[in-house]
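The values are calculated or read from the model by the stated rules, or taken from the named source; none is laboratory data. Since the model is a prediction, treat every value here as computed from it, not as a measurement. So basically every Cβ, Gly included, is an ideal-geometry build from the backbone, and we count neighbours across all protein chains shown.
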């Protein structure tokens, strides 16, 4: 069965420091992978997605993620964190059948705190 | 373009009462999803519509939850009767095949069952 693991429940980084959020997935075929961000009281906003091709994916707000098939990982990175990046981050794998859009399976999320 | 709209944003009810949530997807999006997000967890799909037909409702507790999408546009999710464990944020999302299958999420409805 498909699943997503985000091993870090809570991370605190200093403003200006680099960031890496971990994501591991379990999926029987080529995965479609996503990172979403959720600010308090807000819905989910897509940061970036991987469907195929280049394994290093660029997203919005200066984020990037690298797909590593051998490690079943899709870690999110940012070279310099801003205070406004404090939020909860969700990794998700998309299960698609017959070419139709299907459900997203989310990890439990990583809550990012940014200290001055 | 306007985003996914949901109402109400907050709802507090007592157990055994009923409640309904409304979602208006992005115009032209054929696929609509309802997710349940319990505190401390990632969203979990409850039901997926393609136009006005149900594609996946395998995780919908059908003894108390129901959903419909009349005319393939707006959708309503209902809980009757509510239980304490239904306290969660209910997220609606929509997608279009033309937009690379990206799901666009609404702000959610936070339900508290007392």
Top-ranked residue of the range A:101-116 - restricted to ones that are more than 18 Å from residue A:22 (Cβ to Cβ) and outside any strand (DSSP E or B), ranked as modelled with the highest pLDDT:
A:116
What number of residues within the range B:77-90 are within 14 Å of chain A (Cβ to nearest Cβ) and either free of Cβ contacts under 8 Å to residues at least 60 places away in the same chain or not in a strand (DSSP E or B) (or both)?
2
Strands (runs of 3 or more DSSP E) (entirely within the range B:1-76) containing at least 3 residues that are within 11 Å of another protein chain (Cβ to nearest Cβ):
B:31-37, B:44-50
Just to be sure, is residue B:97 within 15 Å of residue A:94 (Cβ to Cβ), at the interface with another protein chain (Cβ under 9 Å from one of its Cβ atoms), out of contact with any helix residue (DSSP H, G or I) (no Cβ under 8 Å at 6 or more places or on another chain) and surrounded by fewer than 16 Cβ atoms within 10 Å (Cβ to Cβ)?
yes
I'm trying to understand the selection: among the residues of the range A:29-61, which are surrounded by fewer than 15 Cβ atoms within 10 Å (Cβ to Cβ) and more than 9 Å from chain B (Cβ to nearest Cβ)?
A:29, A:30, A:39, A:40, A:52, A:53, A:54, A:55, A:56, A:58, A:60, A:61
Scanning for something within 18 Å of residue B:104 (Cβ to Cβ) and in contact (Cβ under 8 Å) with a residue 12 or more places away in the chain, does the range A:64-83 turn up at least one residue?
no
